[in-house]
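Notes follow the structure.
Computed from the coordinates by the stated procedures, all read-outs in this text should not be read as laboratory data. Predicted model, so just to flag it, every value in this text is computed and none were measured. All Cβ positions, even for glycine, are placed from backbone atoms using ideal geometry, and neighbour counts span all protein chains on display.
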Amino acid sequence: MENSALKHVATGKYLSSNANLRYNTGSSSQLVFVENSKFSPNSLWSIKFNNNELATYGSTHITLQHVRSNLFLGINYGKHYRDDYSSSIIYKYHYHKSPSNNHTEVSCNHITSHNYWVKNWEFSHAKVGDHKGFLKSNDIINLRIKKFYDNNGAYCQNGQYEFLRSHDIQFTVGNDTFQEVVCHNERLGGNDEWCIELIKQHTWTLI
């Protein structure tokens, strides 16, 4: 397990969350966004390696736990509505949409309390080449996550990957404006690149 920050390469801002803020749309889960060109406590994440003590390119799944809230980064595919006949809540397998467009919402949630939650990420080096070995500080990476249902709610046997992206599109919660973070299945570009910065524990100093 390592503490880290993820800087969005295109904008220089850090992947962040805030325990006191939730989406007004979609899942109403804890907000994810990018902010500040300087590291802050809201930008600290704990990387947990699912299979190994070290994260290896091509073979390791990771989870990203927001240190201040203890919630995990992921996507939510439970969408409830009320059945008019039985007045009961029924879940349909649709992924929530991001606030400003039709991409997939990215949020933070508690992995033990939500049955419709995907939080396992895969990473690859963003630059062309046969990159092997361990994930290191200052590596430029792409992060992807597997969806198990399509946009119509049909189960995908082999899953469908989407990539973590930020862009200049903004949305508001209350009186505050945030730069959006989403998942998408479009062509990869500069907005999908993240620089991982490993952090010394207890000091929050970039290595």
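Listed values, structure above:
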item	result
Links that overshoot a 24 Å alpha carbon limit, given the list Lys38/Lys147; Lys48/Lys97; Lys13/Lys136; Lys97/Lys146; Lys48/Lys136	Lys38/Lys147; Lys48/Lys97
Distance in nm between pseudo-label sites at Ala19 and Ser37 (7 Å out along the Cβ direction from Cα)	3.0
Net lengthening on full extension, Tyr155/Arg68 (0.36 nm per residue, minus Cα-Cα)	27.9 nm
Residues Leu188 and Ser137, FRET efficiency given R0 of 25 Å [Cβ-Cβ distance, rounded to 0.05]	0.65
FRET efficiency, Tyr93 to Asn50 (Cβ-Cβ, R0 22 Å, nearest 0.05)	0.40
